[in-house]
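A short worksheet on the structure shown next.
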Amino acid sequence: MSTIRRKFAEDYRLVHTDQGGAPLSKPARRKRQRLVEKNGRCNVQNGNLGGESGRYISDLFTTLVDLKWRWNLLIFILTYTVAWLVMASMWWVIALIRGDLRPGGHDASHTPCVANVYNFPSAFLFFIETEATIGYGYRYITEKCPEGIVLFLFQSLLGSVVDAFLIGCMFIKMSQPNKRAETLMFSRTAVLSRRDGRLCLMFRVGNLRDSHMVSAQIRCKLIKSRQTSEGEFLPLDQCELDVGFGTGADQLFLVSPLTICHQITSRSPFFELSQRSLRSEQFEIVVILEGIVETTGMTCQARTSYTEDEVLWGHRFLPVMSLEDGFFRVDYSQFHNNFEVPTPPHSVKEQEEKPPLTSPGTVLAVDTSSSNSRSLRGGGGGCEVRGGNRRERQMSVDCANFIEDQATFTTSTTSSSSSSNRLPSKFQRMSSTKEEQLWRGPKAGLLLPGVKASSLGDLPLRIQRLRSCSTPIHWLPEEKLQLLALDRESGEGEEEVERQTLPPPEQVPDTLPAKLRRMNR
């Protein structure tokens, strides 16, 4: 572990290494009000309840359990003291009414209600002996006192109820798992850096005890005031932060410190958060860790929060795990420490809106008569079409074939020209004559608006594909421009042949009457 620590100390600048946890890389800012304190206490007080205060009395047991320890002890002592004094007074009143407290004493025929009770202290001692079932045997109730027997039964029932209520309240309060949360640690700060190519918000949790948290689950809430589109102001609006709910990453196996990660995507409330805007934002991230205590089986919840001052941009936590001889060791002295890493200062939204880098290639501008304009880019062996219907997309595929065939033709022409330079002059003339016959055929050329269509059956498949792109192209190689001229000349020649081969107009027979001949003219 010391080797790892030395390595990180040499390569990075450590921060948050002091015991107080104050950030060394950022100036201290004025402490602002928090909704949840670092120890998990919610900083909210209820006021102006009016007549709703009686609801606390209806749930008296929960009210006593929720009280602080000093108030519980005070209620515990006062309840027993008042109960003892009241019951002792009732025994003293019975003795007074029956005449057991006469200062001159009684004759031998007088039977008191409680033997050896002469004053209030003696009545109080009798009650304590009866309530605590001590039974010293000096003071006892006699059978000649029916009212004393009834009071004894009432005392026993009342004592059982008071004992069950107060002792049960104290037991529940002592067995609450709130103190178990004291051994669950959260990092003092949260960090923002890249993980697996994505910007992530991260913080660390740990368990100091050897006993595990069963079914541990973690949740995060973003507390931030906002205003709706209708103008309504929502103070301390709560928004859920995804920490792996869809993938099950929120279910923790907390046997060693874990780094909880919130990936910032387009659905995250931090989608537009950048390093510059972080300085002016005001928000609070509340972290809630829940689980079942393994030893008691009771549910425990630990909470903490991070304000915008406690979120560090471009930092990462130091590793705390090391492999020892036969076990893994956790160094909690490095639990809160982090170091700086290179992180882009832009938000995820700004990074996604950046134009992608395009590879160099041939660019063709395609014009159409429809309102949906699109650009066809040839490069990397594909066409990109924006807009257009299905027929136009089919046309773009033909244009992609045109680009592919153009590249193939250029390569073959270059190779053939380079190879022909090594041939004798006679073979070079034969090769050039063959290529001219191929491109100067009567049916060769590109199909453009205004040019008459001709048959393609005698042409190679590559040239037929060139004819399938019927969209006006603004840029073509020099060889294709020659094809256009040849195609236009061949088209004019065909029109002359057609005009010569057309049959002459029918002659109006002279046998028709003069009126019909004028109508047929």
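Structure above, values below:
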| item | result |
| --- | --- |
| Using θ = phi - 60° and Karplus 6.51 cos²θ - 1.76 cosθ + 1.60, couplings along segment 66-74 (whole Hz; Gly, Pro as x) | 6, 5, 6, 5, 5, 6, 5, 5, 5 |
| Packing-based order for 279-287, 58-66, using average beta carbon neighbours within 10 Å, highest first | 279-287, 58-66 |
| Compactness of segment 85-229 - radius of gyration and Dmax, Cα, Å | 32.0, 103 |
| 22 Å Cα-Cα threshold exceeded, pairs from Lys38/Lys179; Lys224/Lys354; Lys68/Lys224 | Lys224/Lys354; Lys68/Lys224 |
| Sorted largest first, extent of segment 277-316 alpha carbons per principal axis (Å) | 45, 22, 9 |
| HN-Hα J in Hz across segment 138-151 - Karplus 6.51, -1.76, 1.60, θ = phi - 60°, x for Gly and Pro | 7, 10, 8, 8, 9, 7, 8, 10, x, 5, x, 5, 5, 5 |
| His336 accessible area, 1.4 Å probe, all protein chains in place, Å² to nearest 10 | 30 |
| Segment 164-224: relative contact order as a whole-number percent, Cα under 8 Å and 6+ apart | 26 |
| Amide hydrogen neighbours beyond the local backbone of Asn337, cut-off 5 Å, H modeled | Leu318 |
| Length added when fully stretched, Val44-Ser58, from 0.36 nm per residue minus Cα-Cα | 2.8 nm |
| In range of the label at Val255: residues from segment 193-225 whose backbone nitrogen is under 11 Å from the point 7 Å along Cα→Cβ | 212 |
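The values are calculated or read from the model by the stated rules, or taken from the named source; none is laboratory data. In this text the structure is predicted, and so the values were computed from the model without any measurement. Every residue, glycine among them, receives a Cβ derived from its backbone with ideal geometry; neighbour counts consider all protein chains shown. All accessible areas refer to the heavy atoms of the entire protein, side chains included, with ligands and DNA or RNA removed. Shrake-Rupley method; radii C 1.70, N 1.55, O 1.52, S 1.80 Å.
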